[in-house]
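One structure is given here, and the rest of the page talks about it.
Bear in mind these aren't lab numbers, they're just calculated from the coordinates by the rules spelled out. Source: prediction; values computed, not measured. Cβ: placed from backbone, ideal geometry, glycine included. Neighbour counts: every protein chain shown.
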Amino acid sequence: MRALIMAGGRGTRLRPYSATLPKPLMPIGDRPILEILLNRLSAAGVDHSILAVSHMRHLIEAFFGQGERFGLKVSYSFEDQPLGTAGPIGQAIDRLGDTFVVTNGDLLTTLDVKRMIAEHRETGADVTVGSYRRELKSDFGILDVDGEMRMTAYREKPTYTHLVSMGIYVMEAAAVRPFVAPETSLDMPDLLRAMIAQGKRVHCFQDDCFWLDIGRPDDFARAQQIFEDDPDFFLKS
């Protein structure tokens with residue numbers, strides 16, 4: 001199986017750390033985030049990863065080469081202008097095979113990718129979205145009012161639980177192909193909404209796993225501490 005890894009982002013939320021390195025090369029301990037991800041995908045049966053690169057792509061190419069040093073097969077898809085979070089699929093879809101994985105290049109998780117692929121096949125989905133249940137705490141007191149603006153309740157900084165996208169997907173090329181095109185910008189939410197509107201089956205896979213959005217500085221710092229305590233944590237199933 002092949003994977004397309006979105007590795008072209010600028011990592012603006014991690015500035016100033018990302019001013020000199022592309023986000024996928026940001027280190028977690030002594031390894032770049034992208035190396036940890038590639039190893040995790042390889043353990044799940046991905047034998048060829050295509051890196052969609054743009055920002056500081058020469059550094060990513062110089063580090064990973066063709067993957068020989070890591071026992072992996074790596075190739076590249078280039079974008080001269082930003083294509084969004086799903087646009088690079090249109091560039092690479094002819095190289096991805098019938099069923100493929102798409103993932104953000106900064107994914108840091110213990111998600112069981114092999115089980116996600118198996119569930120995708122079992123359900124007959126066109127796209128499977130890796131999903132995580134996350135608590136979001138409001139910074140404000142929430143006022144409930146009726147139609148005449150009379151307050152009916154006051155909830156002090158409540159916590160909400162939502163199912164969120166982790167940034168990893170399993171896709172069927174035949175189903176996705178009509179919605180993507182080379183050199184065409186497209187974001188993943190727009191792709192999924194368009195597919196749902198056309199009756200395609202988009203399945204959500206939920207795993208009892210650990211996941212960090214390392215675009216947030218607090219989570220990035222937490223990842224460093226986890227790696228220091230257990231260097232193999234993100235390689236475990």
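When only the Cβ of Lys, Arg, Asp and Glu is charged (+1, +1, -1, -1), the dipole of segment 105-175 relative to its Cα centre reaches about 220 debye. Sorting 136-144, 52-60 by their mean Cβ neighbour count within 10 Å, with the most densely packed peptide first, gives 52-60, 136-144.
In summary, the lysines within cross-link reach of Lys157, defined as a Cα separation below 21 angstrom excluding same-chain residues under 8 places away, comprise Lys137.
The three principal axes of the C-alpha atoms in segment 48-130 carry coordinate ranges of 39, 28, 23 Å, sorted with the longest axis first. Assuming charge only on the beta carbon of Lys and Arg (+1) and of Asp and Glu (-1), the dipole of segment 155-237 about its Cα centre is about 540 debye to the nearest 20.
Once you reduce segment 74-125 and segment 175-210 to the center of their Cα atoms, the two points are 11 Å from each other.
Residues in segment 200-215, backbone N under 16 Å from the label point at Ala175 (7 Å along the Cα-to-beta-carbon vector): list them, ranges by number please. Flagged as within label range: 200-206. Sites listed here are trypsin sites (Lys or Arg not before Pro) in segment 172-203 whose DSSP assignment is loop and whose Cβ has at most 14 other Cβ atoms within 10 Å: Arg201. Since only Phe70, Gln81, Leu4 are under comparison, the one whose Cα sits farthest along the positive direction of the charge dipole of segment 1-147, derived from C-beta charges on Lys, Arg, Asp and Glu, is Phe70. Here the Gaussian network model covers the chain, with springs between Cα atoms less than 10 Å apart; of Tyr154, Tyr76, Tyr169, Tyr154 fluctuates the most.
Could you give the dipole magnitude of segment 15-166 about its Cα centre, charging the beta-carbon of Lys and Arg +1 and that of Asp and Glu -1, in debye to the nearest 20?
On the way: 17 positive and 20 negative charges, 81 e Å.
Charge dipole, segment 15-166, about its Cα centre: 380 debye, nearest 20.
The equivalent ellipsoid of the chain has semi-axes of 31, 24, 18 Å, largest first, where each one is the square root of 5 times an eigenvalue of the Cα gyration tensor.
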